[in-house]
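Engineer: Okay, here's the structure, questions in a sec.
The values are calculated or read from the model by the stated rules, or taken from the named source; none is laboratory data. It should be emphasised that the depicted structure is a prediction, and the values quoted were computed from it without experimental measurement. As a convention, Cβ positions derive from the backbone with ideal geometry for all residues, glycine included, and neighbour counts pool all protein chains shown.
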Amino acid sequence: MEKMDMIFYRKLPTPLEVKQQYPITEAVEKLKAERDEIIKNIFEGRDSRCLLVIGPCSADHEDPVIEYISRLRDVQDKVADKIVIIPRIYTNKPRTVGTGYKGMLHQPDPVKAPDMLEGILAIRRLHKRAAEELGFTCADEMLYPENHRYLSDLLSYAAVGARSSEDQQHRLVAAGIGVPAGMKNPTGGDLTVMMNSIKAAQSRHTFLYRGWEVTSPGNPLAHAIMRGYVDKFGNNHPNYHYEDLMLVSDMYEKTKLVNPAVIVDTNHANSGKRYLEQRRIAKDVCYSRKVSPDIRKLVKGFMIESYLEDGRQDEHEHCYGKSITDPCLGWEKSEKLIYELAEEWV
């Protein structure tokens, strides 16, 4: 009978070794410190600007991602008084049934075989380019907590996904990453799970991490990401409406967590993956903020899936700047939405 054990193919470099081989500059270190402080002020209520985490569902190729972020750079400079942009460079992609493109970390070239070593180097190179060339420290999903350290000196935001926010290791690591950690509501929609994940991430822990006994001090910037949910029949349900946001506001009040905050994910189950709905959803939330002081205080911004081209494609189609995972809002519509948000944000 064939054995089904894992095959240990090769030992990969540690995060410290990769950082030493591909270090950041003093200018990037300063940039990150400055952006981290701005973002912290938003979550702590000292800066009223909209936080916009925007970009492709998954980063697939370096060149179109950098081109997309370069366009964001131009727009950011025009809306800096109202919006702080954190580009999404999502280099890990969770797969519902385990198959399909798992992101640049696994496949730096989507049409070639997985190569984890080249993937580690590729994702660091991409995040470094965004910082060095375009002045952005970015967001990534913390899909694999043990890999966070490969990018920890470059990231200004980390998201813990709907399938991960209930996991103990994700919660413990989120408590010690030093930047805001967005904890998504689970796919089943139970908001108590999300609130528990925030409480865990805001608490102090001692645990095993990458072969070390470590202590995480607690992350006061851990917060909620509302992404909608799927019921037992497989139907999508949104949770961005006025009543949903007021419910989360009440839950924050009861749990006494610090820095109550929500980022609204305008895609996924909130849009039913109808990516064009993202513009309408963002405007709906802006209206809720206008009519409710509680929601205005609670909602700090949005997470939007956007790329150069509308929609999605199969991996073999090779359309430049078009998502190969979830469908995204194209650049023209995205740019218009950012300017609209700058006008409607109060």
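Engineer: For region 149-163, what are the residues that are polar (S, T, N, Q) and either closer than 9 Å to CYS138 by Cα or not in a loop (DSSP other than H, G, I, E, B) (or both)?
Structural biologist: Once the filter is applied, which keeps residues that are polar (S, T, N, Q) and either closer than 9 Å to CYS138 by Cα or not in a loop (DSSP other than H, G, I, E, B) (or both), region 149-163 yields only SER156.
Engineer: Right, here's the next one. Quick one: LEU247 ticks every box in (1) surrounded by 15 or more Cβ atoms within 10 Å (Cβ to Cβ); (2) touching a residue at least 24 places away in the same chain (Cβ under 8 Å) except a single one, so which number is it?
Structural biologist: With respect to (1) surrounded by 15 or more Cβ atoms within 10 Å (Cβ to Cβ); (2) touching a residue at least 24 places away in the same chain (Cβ under 8 Å), LEU247 is out only on (1).
Engineer: Also: Between a residue in region 14-29 that is more than 14 Å from HIS127 (Cα to Cα) and any residue that is part of a helix (DSSP H, G or I) and of a type in the set (Lys, Arg), which pairs come within a Cβ distance under 6 Å, given they are 6 or more apart or on different chains?
Structural biologist: Correct list of pairs: PRO15/ARG149.
Engineer: If the requirement is being within 30 Å of ALA130 (Cα to Cα), buried (at least 16 other Cβ atoms within 10 Å of the Cβ) and out of contact with any Pro (no Cβ under 7 Å at 6 or more places or on another chain), which of these qualifies: ALA224, ALA162? Walk me through how you get there before you give the answer.
Structural biologist: Numbers: ALA162 fails: out of contact with any Pro (no Cβ under 7 Å at 6 or more places or on another chain).
Only one candidate qualifies: ALA224.
Engineer: Moving to a separate point now. Of the residues that sit in region 271-292 and are of a type outside the set (Gly, Ala, Ser) and touching a helix residue (DSSP H, G or I) at 6+ places or on another chain (Cβ under 7 Å), which one is farthest from ASP326 (Cα to Cα)?
Structural biologist: Narrowing region 271-292 to residues of a type outside the set (Gly, Ala, Ser): 273-281, 283-287, 289-291.
Remaining after also requiring touching a helix residue (DSSP H, G or I) at 6+ places or on another chain (Cβ under 7 Å): 277-279, 281, 283, 286, 289.
On the way: GLU277: 14, GLN278: 13, ARG279: 16, ILE281: 17, LYS283: 21, CYS286: 24, ARG289: 28 Å.
Looking at the filtered set, the residue picked out is ARG289.
Engineer: A further question follows. Please pick out the residue among MET183, MET246, MET226 that is more than 23 Å from THR137 (Cβ to Cβ) and in contact with a Lys or Arg (Cβ under 9 Å, 6 or more places away or on another chain).
Structural biologist: Working: MET183 fails: more than 23 Å from THR137 (Cβ to Cβ); MET246 fails: in contact with a Lys or Arg (Cβ under 9 Å, 6 or more places away or on another chain).
That would be MET226, the only listed residue that is more than 23 Å from THR137 (Cβ to Cβ) and in contact with a Lys or Arg (Cβ under 9 Å, 6 or more places away or on another chain).
Engineer: What pairs come out if I take residues in region 183-202 that are surrounded by fewer than 24 Cβ atoms within 10 Å (Cβ to Cβ) and pair them with residues that are of a type in the set (D, E, K, R) and outside any loop (DSSP other than H, G, I, E, B) whose C-beta lies under 6 Å away, six or more apart or interchain?
Structural biologist: ALA200/ARG171
Engineer: Continuing with this model, one more query. Scan ARG73, ARG129, ARG124, ARG88 and give me the residue that is of a type in the set (D, E, K, R), modelled with pLDDT of 95 or more and touching a strand residue (DSSP E or B) at 6+ places or on another chain (Cβ under 6 Å).
Structural biologist: Numbers: ARG73 fails: touching a strand residue (DSSP E or B) at 6+ places or on another chain (Cβ under 6 Å); ARG129 fails: touching a strand residue (DSSP E or B) at 6+ places or on another chain (Cβ under 6 Å); ARG124 fails: touching a strand residue (DSSP E or B) at 6+ places or on another chain (Cβ under 6 Å).
Of ARG73, ARG129, ARG124, ARG88, the one residue that is of a type in the set (D, E, K, R), modelled with pLDDT of 95 or more and touching a strand residue (DSSP E or B) at 6+ places or on another chain (Cβ under 6 Å) is ARG88.
Engineer: Here is a further query. Tell me, please, whether a residue that is in a helix (DSSP H, G or I), at pLDDT 95 or above and closer than 23 Å to GLU44 by Cβ can be found in region 298-308. Spell out how you get there, then give the answer.
Structural biologist: The first filter runs over region 298-308 and keeps only residues in a helix (DSSP H, G or I), leaving 298.
From what is left, the residues that are at pLDDT 95 or above are 298.
Within this subset, residues satisfying the condition of being closer than 23 Å to GLU44 by Cβ are 298.
Yes.
Engineer: Could you tell me how many of the residues in region 164-179 are in contact with a helix residue (DSSP H, G or I) (Cβ under 6 Å, 6 or more places away or on another chain) and part of a helix (DSSP H, G or I)?
Structural biologist: The qualifying residues number 5.
Engineer: Same structure, new question: If we scan region 45-60, do we find a residue that is modelled with pLDDT of 95 or more, closer than 19 Å to GLU315 by Cβ, in contact with a His (Cβ under 6 Å, 6 or more places away or on another chain) and small (Gly, Ala, Ser)?
Structural biologist: No, there is no match, as no residue in region 45-60 is modelled with pLDDT of 95 or more, closer than 19 Å to GLU315 by Cβ, in contact with a His (Cβ under 6 Å, 6 or more places away or on another chain) and small (Gly, Ala, Ser).
Engineer: Here is a list: VAL75, VAL53, VAL111. Which entry is over 25 Å from SER152 (Cβ atoms) and surrounded by 14 or more Cβ atoms within 10 Å (Cβ to Cβ)?
Structural biologist: After ruling out the rest, the residue left standing is VAL75.
Engineer: Also, quick follow-up: Please identify the pairs in which a residue from region 281-306 that is farther than 23 Å from ASP140 by Cβ and touching a residue at least 40 places away in the same chain (Cβ under 8 Å) has its Cβ atom under 6 Å from the Cβ atom of a residue that is in a helix (DSSP H, G or I) and hydroxyl-bearing (Ser, Thr, Tyr), counting only partners at least 6 apart or on another chain.
Structural biologist: SER288/TYR242; ASP294/SER249; ILE295/SER288; LEU298/SER249
Engineer: Residue by residue through region 201-233, note down the ones that are within 24 Å of the chain's Cα centre (by Cα), more than 23 Å from TYR150 (Cα to Cα) and outside any strand (DSSP E or B).
Structural biologist: SER203, ARG227, GLY228, ASP231, listed by residue number.
Engineer: If you don't mind, another one. Could you say whether any residue in region 312-326 is among the hydroxyl-bearing types (Ser, Thr, Tyr), in a helix (DSSP H, G or I) and modelled with pLDDT of 95 or more?
Structural biologist: No, region 312-326 contains no residue that is among the hydroxyl-bearing types (Ser, Thr, Tyr), in a helix (DSSP H, G or I) and modelled with pLDDT of 95 or more.
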